[in-house]
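Enquirer: Take a look at this one; I'll ask things after.
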Amino acid sequence: MVETIVVPGGPVVLLDTMPHIRSVAMQCLIGVGACAEQQEQSGISHLIEHMCFKGTRSWPDPRLLSMAIEGVGGVMDASTMYESTVYWVKVADIHTDLALRILLEMVSQPLFVNQELEKERRVIVEEIRGIQDSPSDYTDVLIQSALWGDQPLGRDIAGSIESVNQIGHAAMRSFWQAHYQPSNMILSIAGHITPQQRQSIEHVLATLPTNTNGSATRQDPTRPGSPMLPVSPPRPGPDVVIATRMIEQGSFCIGFPAPSYHDPDRFAFRVLDTVLGGGMSSRLFQEMREERGLSYNVGSYHSLFASTGMWAIYGGVSADDMHESIAVICSLLRELVAHGITEEELALVQSQVRGSLLLSLENTLTVASRQGELYLHYGYVVPPEETIAAIEAVTTADVHRLAQQLLRREMMQIAVVGPYPDSDSLRSSLLEAITL
């Protein structure tokens, strides 16, 4: 059972005691991400995430901060997403107090030294250039832009080189002050927590200031989350966007809008996604790799948000096989629209979800991550049994109906990166291959 503590004016605390494990993982989840950024602010959430690692009051430089965790055998990291920013630490249980103090000080007392800002700005610019130089990563960026256009979901979370270079110290601190309030945080802790450690956790939390800026106060007192910019409908398709890179292989990403994480169809969608591209037993892998030898790496993934979602099919193929590959994938999609999935496929996915979810509960970091994300989305930690029951209630008719609803030509976008100097010719060819 997950214990939920709602601190008035402070963070929501989730505690999952796992007495049989000797590690403790904790995440501080901030209810703000790229979806709260205006165009001129693009990348500011990601920049702040980086800067929180550049020194705090007690650990005033990056080396001291990293050594404090790595020196006791622990690990720490963070990630920025469209609707949240997450900082995490995992240590042996004997170092729980240290990890908690470091984690909370990183988000509540970063130094934001100007000199460090200028260095980290250059680091992020190189990160963006690295994404642009990686065909598989860059197709992900292109498909987001193709689907959503000039709005937060259509932009790279890291921002652009131009937007990152223009974010000043004052703007960064102002954004941090507005959103990094204790009332906009979830502290999720999982692992071997003794009664003495629990008392220590409560003591550390008592030292946190309560909310000091009304702009970040949540409307629902039990749920963090900063206001997000409204999401416009996805761009109509079909369309093809091509980035020419003189490399050996062509990478592609096919995108469709998908249900949100509030949509009752999200469970049927999870089944559909797994059957099509979720692993070596999926239809995509079997047809594209095992039967035709077209691709080494092929599959699908999804990203669900508060009001919408994205479903993407990806792969890397020989430059000359791009048209054939898109045509083969379209034939698989037509089969799903026409006939849905089989009872055997449904039973296999249900068994996969049940087994993988239960196995994941043995990892403290996975547990902490799961419960923090679920609380942000739904205002409570959804029990594993509830998720399993929802997946097991899905029918083949549900999946068939959803495939017919989602897999439509006018909702499809394609992004391609590869050695295609005659991009207009390839674009015309791929549009002809879209036969949904």
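Enquirer: Exactly one condition in (1) under 19 Å from the mean Cα position of the chain (by Cα); (2) free of Cβ contacts under 8 Å to residues at least 12 places away in the same chain is not met by Ala338; state its number.
Expert: The one condition Ala338 does not meet is (1).
Enquirer: Here are the criteria: (1) in contact with a strand residue (DSSP E or B) (Cβ under 9 Å, 6 or more places away or on another chain); (2) at negative phi; (3) modelled with pLDDT under 95. Tell me which single one Gly279 does not satisfy.
Expert: Result: Gly279 fails condition (2) only.
Enquirer: Just to be sure I understand, how many residues within the stretch 88-99 are in a helix (DSSP H, G or I) and within 17 Å of Leu64 (Cβ to Cβ)?
Expert: So the count comes out to 3.
Enquirer: For residues that are under 24 Å from the mean Cα position of the chain (by Cα) and of a type in the set (Val, Ile, Thr), scanning just the stretch 103-131, find the one that is farthest from Pro62 (Cα to Cα).
Expert: Only one residue fits best here, namely Ile131.
Enquirer: Which one of Gly315, Gly299 is without any contact (Cβ under 8 Å) to a residue 60 or more places away in the chain and either of a type in the set (S, T, N, Q) or not in a helix (DSSP H, G or I) (or both)?
Expert: Gly299
Enquirer: Can you pull out the residues in the stretch 365-415 that are surrounded by 19 or more Cβ atoms within 10 Å (Cβ to Cβ), under 22 Å from the mean Cα position of the chain (by Cα) and of a type in the set (Val, Ile, Thr)?
Expert: Of everything in the stretch 365-415, those that are surrounded by 19 or more Cβ atoms within 10 Å (Cβ to Cβ), under 22 Å from the mean Cα position of the chain (by Cα) and of a type in the set (Val, Ile, Thr) turn out to be Val367, Val381, Ile391, Ile414.
Enquirer: Need the failing condition index for Gln219 against (1) surrounded by fewer than 14 Cβ atoms within 10 Å (Cβ to Cβ); (2) modelled with pLDDT of 80 or more, just the number.
Expert: (2)
Enquirer: Can you tell me how many residues within the stretch 71-115 are out of contact with any Ser or Thr (no Cβ under 9 Å at 6 or more places or on another chain) and either outside the structural domain of Val164 (by TED's automatic domain parsing) or surrounded by fewer than 19 Cβ atoms within 10 Å (Cβ to Cβ) (or both)?
Expert: Qualifying residue count, the stretch 71-115: 11.
Enquirer: Still on this structure, please answer the following. Is there a residue in the stretch 203-216 that is at pLDDT 90 or above, more than 27 Å from the chain's Cα centre (by Cα) and surrounded by fewer than 22 Cβ atoms within 10 Å (Cβ to Cβ)?
Expert: Within the stretch 203-216, not a single residue is at pLDDT 90 or above, more than 27 Å from the chain's Cα centre (by Cα) and surrounded by fewer than 22 Cβ atoms within 10 Å (Cβ to Cβ).
Enquirer: May I pose another question? Find all pairs meeting these conditions: Cβ atoms under 6 angstrom apart; at least six residues apart or on different chains; first residue within the stretch 380-395 and on the phi < 0 side of the Ramachandran plot; second residue surrounded by 16 or more Cβ atoms within 10 Å (Cβ to Cβ) and among the polar types (S, T, N, Q).
Expert: Cβ pairs passing all conditions: Val381/Gln371; Ile391/Gln350; Glu392/Gln350.
Enquirer: Only one of these is surrounded by fewer than 19 Cβ atoms within 10 Å (Cβ to Cβ), farther than 18 Å from Pro238 by Cβ and in contact (Cβ under 8 Å) with a residue 40 or more places away in the chain: Glu291, Glu287. Name it.
Expert: Within the list Glu291, Glu287, the selection yields Glu287.
Enquirer: Among the listed residues Phe175, Phe112, which satisfies the condition of being among the hydrophobic types (A, V, I, L, M, F, W, C) and closer than 28 Å to Glu70 by Cα?
Expert: Exactly one residue qualifies, and that residue is Phe112.
Enquirer: Restricting the search to the stretch 271-285, which residues are among the small types (Gly, Ala, Ser) and assigned to a helix (DSSP H, G or I)?
Expert: Selection gives Gly277 alone.
Enquirer: Which fully enclosed strands (runs of 3 or more DSSP E) of the stretch 1-85 have 1 or more residues being within 17 Å of Arg121 (Cα to Cα)?
Expert: 75-80
Enquirer: Sticking with this one: I need the full set of residues from the stretch 122-144 which are in contact (Cβ under 8 Å) with a residue 24 or more places away in the chain, surrounded by fewer than 19 Cβ atoms within 10 Å (Cβ to Cβ) and not aliphatic (A, V, I, L, M), in order please.
Expert: Those that are in contact (Cβ under 8 Å) with a residue 24 or more places away in the chain, surrounded by fewer than 19 Cβ atoms within 10 Å (Cβ to Cβ) and not aliphatic (A, V, I, L, M): Glu127, Arg129, Ser136.
Enquirer: Only one of (1) more than 30 Å from Thr308 (Cβ to Cβ); (2) surrounded by fewer than 21 Cβ atoms within 10 Å (Cβ to Cβ); (3) touching a residue at least 60 places away in the same chain (Cβ under 8 Å) fails for Glu40. Which number is that?
Expert: Of the numbered conditions (1) more than 30 Å from Thr308 (Cβ to Cβ); (2) surrounded by fewer than 21 Cβ atoms within 10 Å (Cβ to Cβ); (3) touching a residue at least 60 places away in the same chain (Cβ under 8 Å), the odd one out for Glu40 is (1).
The values are calculated or read from the model by the stated rules, or taken from the named source; none is laboratory data. From a predicted model like this one, the values you see are computed outputs, not experimental measurements. With ideal geometry, Cβ positions are generated from the backbone for all residues, glycine too; neighbour counts draw on all protein chains shown.
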